[in-house]
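The values are calculated or read from the model by the stated rules, or taken from the named source; none is laboratory data. Predicted, not measured: the structure shown is a model, and the values here were computed from it. Here the Cβ is made from the backbone with ideal geometry for all residues, glycine too, and neighbour counts use every protein chain on show. Surface areas here come from the heavy atoms of the whole protein model, side chains and all, with no ligands, DNA or RNA. Shrake-Rupley method; radii C 1.70, N 1.55, O 1.52, S 1.80 Å.
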Amino acid sequence: MSKLKSINLQVYIMLIAIVVIMAFFFVATDGAYLSARNISNLLRQTSITGILAIGMIFVIISAEIDLSVGSLMGLLGGFAAIADVWWGWPLPLTIITTLAIGIVLGACTGWWVAYRKVPSFIVTLAGMLIFRGMLVGATNGTTVSPISKEMTTIGQGYLPDTTGMILGCVAVICFILWGSYQRKARQNLNLAVTGVGKETMKYGLFAICILGAIYLLNDYRGIPFPVLLLAILAVIGMFIARKTAFGRHIYAIGGNIEAARLSGINVEKIKLMIFSINGLMVAIAGLILSARLGAGAPSAGQNAELDAIAACVIGGASLAGGVGSVFGVVIGALIIALLDNGMSMLDVPTFWQYIVKGSILLLAVWMDTSTKKKL
């Protein structure tokens, strides 16, 4: 019970932090921070870090780490740009090949970690250098541009207003139906359930947040395609983590790897799959990054791994493994984007931006360790 209370406390702290950050920058920018255009840009910023963090959270829950995702994202985005600009591949072939390469390279990393027993810190540190070198070599150290209009849509496209609102309503209805199903299932098992009033309030707040955000985004151009993709991947990630045997095995491995092995879990196979999924997420983020920039650049993705790890830690994940949630890392990615966007609007010097983000990361880790000591 105390662990559950700790998790709820972390969620409340993150939500309060979001409100405080938004209120501060709203006042500091004379309201421009919460304009429809800036919110749209803000959410697009969140999407790349959020997608990377969804892959990273499974790695961290299993008590591993991946320092190569930034370089790998740049490499895969660069490959997609080369295939599109230099080779003239059709968009579907470019997307499928990029995703396949991401899975294969992720699996290669996982093979070294799971079957060769090389620490993930070393394997992915090597990968960070190797992938960056491959990117510079493949692009000849030059920017590959301009990307085709069709591919640019992946990173810069928007859903029509009506389509976005319909999807929002469908999401709210599905959330309510799923919540009702979960409530009935718990009642049938004679488990404790929250009161009807709290449930209704939760559904109401969810509907207001979702439909309100869509209404605001429609005031500009509509829901950005990368944001829709992040939402879909987040839902899939939460389902995998909470409702599948694979998800339970990841938590078991991160919590106690020897106990997991003795209980019959194929630890090596699960770790290989985790890194393969991470590679897939990196490939998706790489496609969005190149499409958003309209080019493939040899410097693309630098330090992106730090933002992904920071999003996981701020979102409540423990680097010791066994703890973390997809919902938490998406919120963590949003907090990072809120800070980046706000400080950029205020023309805060770059060195101060690094200092602020590093301090927040340190504070998040300190809070996590302090909470564990109390428990």
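General observations
- Prolate/oblate/rounded label for segment 105-258 (Cα gyration tensor, a/c 1.5): oblate
- The amide H of Tyr158, built 1.01 Å from its N in the peptide plane, has Phe225 as neighbours under 5 Å, considering only residues 5 or more places off or on other chains.
- Above 25 Å, the calculated P(r) of segment 181-299 contains 53 percent of its Cα-Cα pairs.
- Those trypsin sites (Lys or Arg not before Pro) in segment 114-179 that DSSP places in a loop and that have at most 10 other beta carbons within 10 Å: Arg116, Lys117
- Here the spin labels are modelled as points 7 Å beyond Cα on the Cα-Cβ line, and at Cys169 and Leu34 they lie 2.7 nm apart.
- Accessible surface for the chain, divided over its residues, is 49 Å² per residue with a 1.4 Å probe.
- Pairwise FRET efficiency - Phe26 versus Lys269, Cβ, R0 = 41 Å, nearest 0.05: 0.25
- Magnitude of the charge dipole for segment 170-314, about its Cα centre and with charges confined to Cβ atoms of Lys, Arg (+1) and Asp, Glu (-1), is about 540 debye.
- For a straight C-alpha distance cut-off of 17 angstrom, the aspartates and glutamates reachable from Lys271 (same-chain residues fewer than eight places away being disregarded) are Glu64, Asp66, Glu258.
- Cut-off 14 Å between beta-carbons: net charge of the residues surrounding Ser47, Lys and Arg +1, Asp and Glu -1: 0
- According to the Cα-based calculation, Rg over Rh for segment 108-182 is 1.26, with Rh computed by the Kirkwood formula.
- Qualifying chymotrypsin sites (Phe, Trp or Tyr not before Pro) in segment 64-150, DSSP loop, other Cβ atoms within 10 Å at most 12: Trp86, Trp87, Tyr115
- Bridging of Lys184 to aspartates and glutamates at a Cα separation below 16 Å is possible for Glu199, once same-chain residues fewer than 8 apart are set aside.
- Apportionment of accessible area to carbon and sulfur, the chain, percent (1.4 Å): 70
- Segment 30-156: C-alpha pair distances exceeding 18 Å, %: 62
- Couplings 3J(HN,Hα) of segment 133-142, computed from phi: x, 4, 5, 5, x, 5, 8, 6, x, 10 Hz, in residue order, whole Hz [Karplus 6.51 cos²θ - 1.76 cosθ + 1.60, θ = phi - 60°; x for Gly and Pro].
- Candidate aspartates and glutamates - alpha carbon under 15 Å from Lys149, same-chain residues fewer than 8 apart omitted: Asp84
- Where Rh is the Kirkwood radius over Cα pairs, Rg/Rh for segment 254-334: 1.07
- Across segment 192-207, rounded Karplus estimates of 3J(HN,Hα) from the backbone phi angles (6.51 cos²θ - 1.76 cosθ + 1.60, θ = phi - 60°) give 5, 10, 6, x, 4, x, 5, 4, 4, 5, 4, 5, x, 5, 4, 5 Hz, Gly and Pro being marked x.
- In this structure the amide hydrogen of Val323, modeled in the peptide plane, comes within under 5 Å of the amide hydrogens of Ser318, none closer than 5 places in sequence on its chain.
- Positive-end residue of Asn190, Ser359, Val267, charge dipole of the chain with Cβ unit charges: Asn190
- In order along segment 168-173, the Karplus-derived 3J(HN,Hα) couplings, from 6.51 cos²θ - 1.76 cosθ + 1.60 at θ = phi - 60°, round to x, 5, 4, 4, 5, 4 Hz, and Gly and Pro are given as x.
- Per residue of the chain, the DSSP helices (runs of n ≥ 4 H) give a summed -39500 (n - 2.57) that works out to -26500 deg cm²/dmol at 222 nm.
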